[in-house]
Amino acid sequence: GLTSRLQNVFSKLRGKGKVSEDDVNEAMREVRLALLEADVNFKVVKDFVAKVKEKAIGTEVMQSFTPGMVIIDIVNKELTELMGGSQAKLAKANKPPTVIMMVGLQGAGKTTTSGKLAKMLLKQNHRPLLVAGDIYRPAAIKQLQVLGEQIHVPVFSLGDKTSPVEIAKQGLQHAKDNGHDYLIVDTAGRLHVDEELMEELRQIHAEIKPDEVLLVVDAMTGQDAVNVAETFNKELELTGVVLTKLDGDTRGGAALSVKAVTGCPIKFAALGEKVDALEPFHPERMASRILGMGDMLSLIEKAQANIDTEKAKEMERKMRNAEFTFDDFLEQMEQVKKLGPIDQIMDMIPGMGKLKQAKDLKVDEKQMSRIEAIVFSMTKEEKQHPDIINHNRRKRIATGSGTSLAEVNRLIKQFDEMRRMMKQFSDMMGPKGPKGKAL
Ligand code: GDP
Ligand code: MG
């Protein structure tokens, strides 16, 4: 994938004490290929590489002690810029309700995202109302109603005999009459963009005058998603994009091209089918995720929403200083369990995505309880100072936990690796890393 390709490019540079202009050119050639392979729009790639090259050669990269890191830093910043720089917030109407219209092709995730968004707003103490505006797809109304029940958000529907324009109009009135401060209008999609669909959407648009027109696109479709975004944007003046299915095996092309091609910011990212798998889109975090630095910030934010803040702060501090022990590891596993699907969380921790790919590491709940058993079998001292766990101690731990020596060895190795990766990460990001140095 894109991440591992970029990591290869950078690890080559990292190994070097000095970097020549040729090295930079060579690295940029590989970055270019990696981006093209990830289905990023070719024009976007061209501009991107030119910018990075200019910065890399123009600054004192060659004189730096850590040229590889400096280049990663430049690439990271440019990737962030490419995706809009900073987080684009949801609009808010001066006079409630804030009207959000969801548009997109069939199967992109409009209905699911409508529910997720409603849930997010509800959590922020708002009073959203969902409107079932897709009268064509069989069971589309029912789908939204089921979602609404699940998340305790009312759904306004007039069945499938009334026109979507009328439904949207009456939905808006209903929201006003009942004190809803957000209105989310789900609409119909087609397999392809067509004039009939656009005309209906334009009519709904004219009727309810939305504060947000969010285009929902499937990130898995790569450049197609970008083309769809371009077309919709010409017809409807989008205010934002929601990228869905980022949990899947996407190549990253859509995330990287949408903003540059359409000028329309990505506002949300959807990372799963569950109702809470929606996050505000943070360009800087996506960039570091693409670069394989993990998504610490996102993880920390999620932790803060779900775990008490003190613990989260402590976790952040320990991760940054890479000074955690097996006790912290256990504690972290407990917290991680609260955050959601393990697989998804693992991807956010630096290095873990890569570890996960290693075929001997399957991360499931069963595996977790075996890991716990191993840690429980360690003495207090061993947990605090993992370095003292020698062969004899490992054998004892294996017996005590009912696992095998191989499993114990593997866990300790993974733990060490994780600590090392976190150390690397904090070196890169911390005050002593290249970010803190004058470039
Ligand atoms: P719509 O036709 O645009 O309304 O799309 P739906 O909301 O009905 O979603 C189509 C399918 O995509 C459903 O099976 C959803 O569960 C699935 N889906 C939506 N968003 C995501 C996501 O972020 N990740 C994954 N894996 N599946 C998603
Ligand atoms: Mg739908």
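Can you work out the base-10 log of I(q)/I(0) for region 116-199 at q = 0.13, 0.20 1/Å, using the Debye formula on its C-alpha atoms alone? Log10 I(q)/I(0), no solvent term: -0.41, -0.90. Here the extension length gained between GLU37 and SER11 equals 7.4 nm, from 0.36 nm per residue of separation less the Cα-Cα distance. Amide H contacts of LEU129: TYR182, LEU183, ILE184, each under 5 Å away and 5 or more positions distant or on a separate chain (H built 1.01 Å from N in the peptide plane; Pro and chain starts excluded).
When only DSSP loop residues count, what chymotrypsin sites (Phe, Trp or Tyr not before Pro) in region 112-213 have their Cβ near at most 15 other Cβ atoms within 10 Å?
TYR136
Extension gain, LYS95-ASP276: 0.36 nm per intervening residue step, less the Cα-Cα distance, totals 62.4 nm. Atom-type composition of the exposed protein surface of region 177-220 places 49 percent of the accessible area on carbon and sulfur (1.4 angstrom probe).
Couplings 3J(HN,Hα) for region 127-132, derived from phi with the Karplus relation 6.51 cos²θ - 1.76 cosθ + 1.60 (θ = phi - 60°), are 10, x, 10, 9, 10, 8 Hz, where x marks Gly and Pro. Loop-located GluC sites (Glu not before Pro) across region 196-253 with a Cβ neighbour count of 11 or fewer within 10 Å are GLU237, with loop assigned by DSSP. Residues whose amide H lies under 5 Å from that of VAL216, counting only those 5 or more places away or on a different chain, are VAL103, GLY104, VAL242; hydrogens are built 1.01 Å from N in the peptide plane. Note on THR379 and HIS152: the model spin-label points, each 7 Å out from Cα along the C-beta direction, lie 5.0 nm apart. In this simple spin-label approximation, ASP416 and LYS123 carry label points 7 Å from Cα along the Cα→Cβ vector, and these lie 3.8 nm apart.
When the C-alpha to C-alpha distance is required to be over 25 Å, the pairs from LYS142/LYS366; LYS46/LYS274; LYS110/LYS161; LYS95/LYS267; LYS89/LYS161; LYS12/LYS318 that qualify are LYS142/LYS366; LYS46/LYS274; LYS89/LYS161; LYS12/LYS318. For region 175-181, 3J(HN,Hα) computed residue by residue from phi via the Karplus equation (6.51, -1.76, 1.60; θ = phi - 60°) reads 5, 4, 5, 10, x, 7, 9 Hz, glycine and proline entered as x. The residues of region 93-193 expose on average 45 square angstrom of accessible surface per residue, using a 1.4 Å probe on protein heavy atoms.
The values are calculated or read from the model by the stated rules, or taken from the named source; none is laboratory data. Given the structure is predicted, the values throughout are model-derived calculations rather than measurements. Neighbour counts are summed over all protein chains in view; Cβ atoms, including those assigned to glycine, are modelled from backbone coordinates with ideal geometry. These accessible areas exclude ligands, DNA and RNA; they are computed on the full protein's heavy atoms, side chains included. Shrake-Rupley method; radii C 1.70, N 1.55, O 1.52, S 1.80 Å.
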